[in-house]
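The values are calculated or read from the model by the stated rules, or taken from the named source; none is laboratory data. Please read these numbers as outputs of a predicted model, since none were measured by experiment. A quick note on method: Cβ atoms are made from the backbone with ideal geometry, for glycine too, and the neighbour counts reach across all protein chains shown.
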Protein chains: 2
Amino acid sequence: MSRPVVVWFTGLPCSGKTTLAAETDRRLRELGLATSLLDGDLIRRTVSADLGYSDADRTEQARRAAALAAEEARRGKTVLVALLSPRRTSRAAARETIGDFVEVYVRCPLEVCEARDVKGMYRQARQGTLKDFTGVGAPYEAPERPEITLDTDQEDVPACVGKVIAYLEKAGHLTLSKG
Amino acid sequence: MSRPVVVWFTGLPCSGKTTLAAETDRRLRELGLATSLLDGDLIRRTVSADLGYSDADRTEQARRAAALAAEEARRGKTVLVALLSPRRTSRAAARETIGDFVEVYVRCPLEVCEARDVKGMYRQARQGTLKDFTGVGAPYEAPERPEITLDTDQEDVPACVGKVIAYLEKAGHLTLSKG
């Protein structure tokens with residue numbers, strides 16, 4: 001019925017990665033798929049409790065996320081990963097590890113992300129209290145050829161998730177039963 | 001025009017603490033107040049990077065949050081704290097440290113929080129991957145006499161924030177200019 005795949009949401013803080021991955025996860029489970037949702041914050045609370053936010057630690061965080069995702073996919077799960085993963089090389093390595101990999105660029109202008117500033121982190125980063133914050137004190141390298149690009153400043157959650165579902169269906173990762 | 005105060009949002013994971021604190025912060029700034037938003041995740045990324053999720057570490061996290069909030073209030077800021085702070089003793093200590101303290105119980109049934117499960121953490125906690133997760137593997141002690149209780153399963157964000165603003169005005173922490 002479906003070929004396991006890892007859908008990897010990357011983007012700036014407050015771009016909408018977690019929201020979109022979680023909603024895609026919910027929709028796929030409704031459609032009867034076995035899924036696994038791996039969020040960066042969740043990984044940091046478990047297997048990456050030893051890591052910080054330096055460039056090297058972020059690379060290691062992405063490596064572990066990719067290894068976890070690959071393992072879940074091997075068990076037949078469709079995996080949704082929401083991870084900042086600011087480095088192109090990290091995402092290329094994840095693609096290499098995983099194989100069936102769909103990179104979703106959650107694209108949103110920095111000023112829009114910063115206006116959302118859900119947890120007040122952009123403000124602290126601008127004030128210098130929060131170092132190495134991606135988009136302010138640390139770089140984000142946008143994907144060059146992502147499978148999917150979602151413009152969260154222009155399209156709402158259902159529209160964005162609809163694009164992901166449509167892509168997965170077209171790519172043979174999901175066979176929707178037509179009611 | 002206003003007497004500085006610390007508004008402390010406590011509640012289960014996914015109850016709505018961050019959303020409500022951030023929206024209250026936004027509204028208060030619109031009203032011309034100097035504010036400071038202290039979110040648990042932000043504090044964990046900065047001054048509490050050495051702490052985990054044991055009972056002792058959570059107590060220390062709440063102690064640091066209270067100290068930071070007290071300092072900001074001393075500088076004339078109205079402070080919004082969004083912190084799980086599952087222990088009554090921690091919140092009582094924060095009240096003691098801070099003085100002008102408004103405890104907001106973000107009340108939401110566990111099953112509703114768990115259904116939201118924004119980052120997939122409840123699921124991982126049920127599967128045993130995520131230890132010490134409040135509400136599943138670790139206790140949450142509900143406030144006994146909070147200044148404000150917000151039922152986020154019944155009322156939407158504007159209604160909840162409206163209650164906080166109304167309380168602050170009544171308590172003399174905010175003098176709204178009547179247009």
I'd like the full set of residues that are of a type in the set (S, T, N, Q) and in contact (Cβ under 8 Å) with a residue 12 or more places away in the chain, limited to segment A:31-60. A:Thr35, A:Ser36, A:Ser48, A:Ser54, A:Thr59
Inside segment A:95-138, can you point out the residues that are among the β-branched types (Val, Ile, Thr) and either in contact with a His (Cβ under 9 Å, 6 or more places away or on another chain) or at positive phi (or both)? A:Val102
From the residues in segment B:29-64 that are within 13 Å of chain A (Cβ to nearest Cβ) and hydrophobic (A, V, I, L, M, F, W, C), which one is farthest from B:Thr89 (Cα to Cα)? B:Ala34
Checked segment A:134-157 for anything free of Cβ contacts under 8 Å to residues at least 60 places away in the same chain and farther than 16 Å from A:Glu103 by Cβ; matches are A:Val136, A:Gly137, A:Pro139, A:Asp153, A:Gln154, A:Glu155, A:Asp156
Take the residues in segment B:119-144 that are at the interface with chain A (Cβ under 9 Å from one of its Cβ atoms) and assigned to a helix (DSSP H, G or I); name whichever of them is farthest from B:Asp55 (Cα to Cα). B:Arg123
How many residues are surrounded by 17 or more Cβ atoms within 10 Å (Cβ to Cβ) and among the basic types (Lys, Arg) if we restrict to segment A:45-63? 2
Which residues, counting only those in segment B:1-28, are more than 13 Å from chain A (Cβ to nearest Cβ) and in a loop (DSSP other than H, G, I, E, B)? B:Met1, B:Ser2, B:Arg3, B:Pro4, B:Val5, B:Gly11, B:Leu12, B:Ser15
Being over 14 Å from the mean Cα position of the chain (by Cα) and modelled with pLDDT of 95 or more: is that true of B:Ala66 here? no
Odd one out for B:Asp117 among (1) surrounded by fewer than 19 Cβ atoms within 10 Å (Cβ to Cβ); (2) of a type in the set (Asp, Glu); (3) within 17 Å of A:Thr35 (Cβ to Cβ): (1)
Any residue at all in segment A:158-178 that is at positive phi, within 12 Å of another protein chain (Cβ to nearest Cβ) and modelled with pLDDT under 95? no
Residue pairs qualifying under the 9 Å Cβ cut-off, at least six apart or on distinct chains, with the first in segment A:1-30 being under 20 Å from A:Ala171 (Cβ atoms) and the second being of a type in the set (Val, Ile, Thr) and assigned to a loop (DSSP other than H, G, I, E, B), are A:Met1/A:Thr175; A:Ser2/A:Thr175; A:Leu20/A:Thr152
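Just to be sure, is B:Val112 more than 10 Å from chain A (Cβ to nearest Cβ), at pLDDT 95 or above and surrounded by 19 or more Cβ atoms within 10 Å (Cβ to Cβ)? Break it down into steps so the answer makes sense when it comes.
Working: more than 10 Å from chain A (Cβ to nearest Cβ): yes; at pLDDT 95 or above: yes; surrounded by 19 or more Cβ atoms within 10 Å (Cβ to Cβ): no.
So B:Val112 does not fit the description; no.
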If you take the residues of segment B:29-44 that are among the small types (Gly, Ala, Ser) and either surrounded by fewer than 17 Cβ atoms within 10 Å (Cβ to Cβ) or over 16 Å from B:Arg63 (Cα atoms) (or both), which of them is nearest to the chain's Cα centre (by Cα)? B:Ser36
Those residues of segment B:132-166 which are more than 14 Å from the chain's Cα centre (by Cα) and of a type in the set (Ser, Thr, Tyr), in sequence order: B:Thr134
Count of segment A:71-83 residues which are of a type outside the set (Ser, Thr, Tyr), away from every other protein chain (no Cβ under 12 Å) and under 22 Å from B:Val118 (Cα atoms): 2
